Structure formats: structure tokens, C-alpha cells
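Take a look at the structure below.
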Amino acid sequence: MKICIGSDHGGYALKLELIEHLKARGFEVSDVGCDSEASCDYPIYAKAVTDIITEKKADLGILVCGTGIGMSMAANKVEGIRAALCHDVFSAKATREHNNANILCMGARVVGAGLAEMIVDTFVDTPFSNDERHIRRISYYS
Ligand code: RB5
């Protein structure tokens with residue numbers, strides 16, 4: 001599975017930990033930036049990840065900023081993107097099963113690295129249910 005990941009300065013340190021974690025699990029990970037903790041604008045990196053997902057160059061995306069909120073707002077403006085802001089494992093599982101979310105957003109000022117890794121693992125390991133009712137509901141907005 002190919003995973004693309006992006007962050008702003010607020011999510012930079014957590015992003016590096018998640019990249020290490022995902023690579024250790026054997027995933028192919030592409031990092032679209034940012035490349036330091038210097039202040040930057042999160043929508044630039046949200047767009048970089050949504051472009052890769054809509055072009056089908058990766059299977060799933062991850063966006064990390066301070067809260068995860070700006071990233072999720074920016075990503076969800078893009079047609080075909082279903083970005084889920086998750087700070088717990090239950091939501092990460094449910095949003096893959098029910099919403100077929102293709103991007104996970106998290107806030108590095110909200111969750112620590114240990115929980116973030118569990119959320120990421122759950123997100124990437126959980127398949128979409130393919131239930132007819134969920135396909136129908138997703139079709140209302142995507
Ligand atoms: C940056 O200070 C912060 O606003 C950003 O990381 C994010 O939390 C926005 O939603």
C-alpha cells in the first residue's frame with residue numbers, strides 16, 4: 001500500500017515519527033512536506049496530498065497540523081476527498097468502514113505519538129465495508 005503524508009510546522013515532528021513507523025511496517029510512504037518547523041501554510045500541504053489521492057498515485061493520505069482541523073477543512077473542499085479528523089481509534093476504524101475515508105487528519109497538539117500511531121495503524125489496516133447502505137450514503141456527498 002502507498003501512503004502519502006503531509007504536515008505544516010505544527011505537525012512536522014509527529015509526521016516524522018509516523019513516517020518512521022509506517023516504513024518500519026513496510027509501507028511505501030511519500031512525504032509532500034513541509035520540511036521543517038518553520039511557520040508555513042497548511043493548505044499548501046493539504047492540496048499536495050489531495051492531488052496525489054485524486055490522481056490515484058497513493059492509496060491513502062495522512063495530514064497532520066496543530067489541531068488537524070485546518071487540514072481536514074482544506075482537504076474536504078476537494079471533490080473525491082473524504083478526509084476524517086480522528087483522535088481516537090474507534091473513529092479511525094469507523095470512518096474507513098462506513099465513510100471509506102481516503103485521508104486521515106490529526107492534530108499533533110491534540111494526540112501524542114503513541115496514540116497517533118495506533119490511530120494510523122487502525123486507519124490503514126481497516127478496509128471499507130462495501131455495504132450497499134454505506135456506498136449509497138457516500139454517494140450523497142462524494
Ligand atoms: C498553526 O499554528 C495552526 O493553526 C495549524 O497547525 C492548524 O492547527 C490549523 O488548523
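The values are calculated or read from the model by the stated rules, or taken from the named source; none is laboratory data. From a predicted model like this one, the values you see are computed outputs, not experimental measurements. Methodologically, a virtual Cβ is constructed for each residue, glycine included, from the backbone with ideal geometry; neighbour enumeration extends over all protein chains shown.
Here are the numbers for the structure shown:
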{"read-out": "Members of segment 53-71 that are out of contact with any Lys or Arg (no Cβ under 9 Å at 6 or more places or on another chain) and surrounded by fewer than 23 Cβ atoms within 10 Å (Cβ to Cβ)", "value": "Ile53, Thr54, Glu55, Lys56, Ile69, Gly70"}
{"read-out": "Segment 123-142 residues that are within 19 Å of Ala83 (Cβ to Cβ), paired with ones that are acidic (Asp, Glu) and loosely packed, with under 13 Cβ neighbours inside 10 Å (beta carbon under 9 Å, 6 or more apart)", "value": "Ser142/Glu79"}
{"read-out": "Residue within segment 114-129 that is at pLDDT 95 or above, polar (S, T, N, Q) and closer than 21 Å to Lys47 by Cα present", "value": "no"}
{"read-out": "Subset of segment 63-100 that is of a type in the set (Asp, Glu) and not in a helix (DSSP H, G or I) - its residue that is nearest to the ligand (Cβ to nearest atom)", "value": "Asp88"}
{"read-out": "Hits in segment 26-43 - residues which are away from the ligand (no atom under 12 Å from the Cβ) and outside any loop (DSSP other than H, G, I, E, B)", "value": "Glu28, Val29, Ser30, Asp31"}
{"read-out": "Any chance Lys23 is more than 16 Å from the ligand (Cβ to nearest atom), more than 14 Å from the chain's Cα centre (by Cα) and part of a loop (DSSP other than H, G, I, E, B)", "value": "no"}
{"read-out": "Hey, Cys105 touching a strand residue (DSSP E or B) at 6+ places or on another chain (Cβ under 7 Å), within 20 Å of Ile3 (Cα to Cα) and assigned to a loop (DSSP other than H, G, I, E, B) or not", "value": "no"}
{"read-out": "Leading residue by the ranking (nearest to the chain's Cα centre (by Cα)) among those in segment 120-142 that are farther than 17 Å from Lys2 by Cα and in a helix (DSSP H, G or I)", "value": "Ile138"}
